[in-house]
Structure formats: structure tokens, C-alpha cells
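The values are calculated or read from the model by the stated rules, or taken from the named source; none is laboratory data. Just so it is clear, the structure is predicted and the values come from calculations on it, not from any experiment. Note that each Cβ is placed from the backbone with ideal geometry, even for glycine, and that neighbours are counted across all protein chains shown.
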Amino acid sequence: MYRKAVALISMGVVSVGLATAASAADLAVKAPAYKAPVIMPFSWTGCYVGVEGGGIWGRSKDTAADPARANFGLPINNGFDLSGGLVGGTVGCNYQVSNWVLGVENDISWTNASGSAFDIAPFNTSATSQTKEKWLDTVRGRIGFAWERALFYGTGGAAFAGTTVQVCNTITCVSDSQTRTGWVAGGGIEYAAWDHVTLKVEYLHADFGTSTYINPSVQVAPGRTIVTRDVPLTNDIVRAGVNYRF
């Protein structure tokens, strides 16, 4: 009887020990805690290169500018619109402070913008005056506000354009080419579609003031003279672009 009681007690002690050990093991092994991935805010700081393209619309007019002639100061035509496409490249850099982004950008584009009009009396009404642009370059500062991966910006600076004024009558054509300098301003939206690739759309207005072409006047036949002229030029540009950020 005594031995039986001791055996039962021993079995109970072993059972309690095993249960305690199992409970301790359960408490010691814990599932790893889940940590959410850290999402770094997008930064616009850095430099980039890109391509862009779009449309260009402008306005021009010819006014007689030879003070030695009786028609000095008279309009040669009533003015006309220019239009065409443009495509080119861009390079720039940004620096972000809080939500504000400061930057500088340079772009150069090929364009085929042109427009023309018939001359009006007292000039030869069978003659046409044409203004053409071959290339456009802008150097601009940018300031924008970043909202997550979108950047809303304004921009402004200097503009340069390769231009040609051509006058044709029934006898011949006379042309004069110049590089024009002016100012440009506008704004746009840029979006970071990926970490290194951004997409943008922007509008720019450029004003090149007035320049004098075909100076001095050219006599092409007796009684037929293509006169010196003042030619103002403005541009409105809408374009889209893709930039690669370094």
C-alpha cells in the first residue's frame, strides 16, 4: 500500500513538471512582431534630362521702318498668326525645402512655326511677308509647391529664337535671318510616375519685342522696293515632356 501511494505521488509530480515545462516553452516562443515598411517621402531634389514636344502659336506684323521713304511708319500688312510644332530636349536641377521646390531649367527645341500675309496698300498687294522660326531656346528659373508626387510650378526667364523674315513679290524673294532675344513666363504640372521618371505638361508665353529686318531697303526693279521693316513677335507654347532624374 505504501509503495503504491509513493508511485502515485511520483507520477503526479512528474505530470505537474511536464505540464509546467510545456507551459514555460509556450510562453518563451513568441511570434515575431510585424513592422510596417517605412515609406520615404518623395524628394524633388536632384538634376534631370528629358525630351519635350508640343505646339507653338504666335503673332507677327510688318511695319515700314525706312525713315527716308514716304511710307515710313505705315503698316505693311494687317498682322498674321504663326503656328507649328516643336520638339527638343531639356536639362535642369531642383532643390526641395519642405514643400517648396526651387530649380533652374534650360531647353532647346526645333520648330517649324511660320505665318504670312499679303501686303496692303500703298505697298504691293501681290507681295507676301512671312515670319518663320527655326529654333527656340529658354533659360528659366522655377518655383513650385510639391504635394506628394505632384509638383505645381511657375517659371520665367530669358528666351531666344532663330527667326527669318522673307518678302516675296512677282519678281523675287528677299529674306533676313536674326536671333531674337526676349522674355518667357508660364507654369505647369509635373508628376513623378516612378522614382526616376517624371511627366510634365506646361504653358509658356514668350515675347521677343520688335526687331528691324531688311535694312537697308532693297530695290529689286525700277519702282519695286522691298522696304526695311519692324517686326514684333510673340509666342504661346503648350508642350508635354518626360524627364529622367539622376
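Numerical summary
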read-out	value
Residues satisfying the stated conditions in segment 75-95, i.e. assigned to a strand (DSSP E or B) and not hydrophobic (A, V, I, L, M, F, W, C)	75, 81, 83, 84, 85, 88, 89, 90, 92, 94, 95
Some residue of segment 162-181 being in contact (Cβ under 8 Å) with a residue 12 or more places away in the chain and closer than 17 Å to residue 203 by Cα	no
Test: residue in segment 166-177 that is under 22 Å from residue 53 (Cα atoms), among the charged types (D, E, K, R) and in a strand (DSSP E or B)	no
Criterion violated by residue 93 - all others in (1) surrounded by fewer than 18 Cβ atoms within 10 Å (Cβ to Cβ); (2) out of contact with any Pro (no Cβ under 9 Å at 6 or more places or on another chain); (3) free of Cβ contacts under 8 Å to residues at least 40 places away in the same chain satisfied	(3)
Lone qualifier among 188, 182 - being surrounded by 13 or more Cβ atoms within 10 Å (Cβ to Cβ) and either more than 18 Å from residue 134 (Cα to Cα) or modelled with pLDDT under 95 (or both)	188
Enumeration of residues in segment 52-90 that are in contact (Cβ under 8 Å) with a residue 40 or more places away in the chain, closer than 16 Å to residue 112 by Cβ and of a type in the set (Val, Ile, Thr)	56
Segment 145-156 - residue that is over 13 Å from the mean Cα position of the chain (by Cα) and small (Gly, Ala, Ser) and, of those, nearest to residue 243 (Cα to Cα)	150
Evaluation of residue 196 against (1) surrounded by 14 or more Cβ atoms within 10 Å (Cβ to Cβ); (2) in contact (Cβ under 8 Å) with a residue 40 or more places away in the chain (one fails), failing number	(1)
Matching residues in segment 203-234 - criterion: being over 30 Å from residue 96 (Cβ atoms) and touching a Gly at 6+ places or on another chain (Cβ under 8 Å)	207, 208, 209, 232, 233, 234
Residues located in segment 96-122, provided they are within 22 Å of residue 142 (Cβ to Cβ) and not in a strand (DSSP E or B)	98, 99
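Conditions (1) touching a Phe, Trp or Tyr at 6+ places or on another chain (Cβ under 9 Å); (2) surrounded by 14 or more Cβ atoms within 10 Å (Cβ to Cβ); (3) of a type in the set (Phe, Trp, Tyr); (4) at pLDDT 50 or above, marked per residue:
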site	(1), (2), (3), (4)
18	no, no, no, no
25	no, no, no, no
56	no, yes, no, yes
74	yes, yes, no, yes
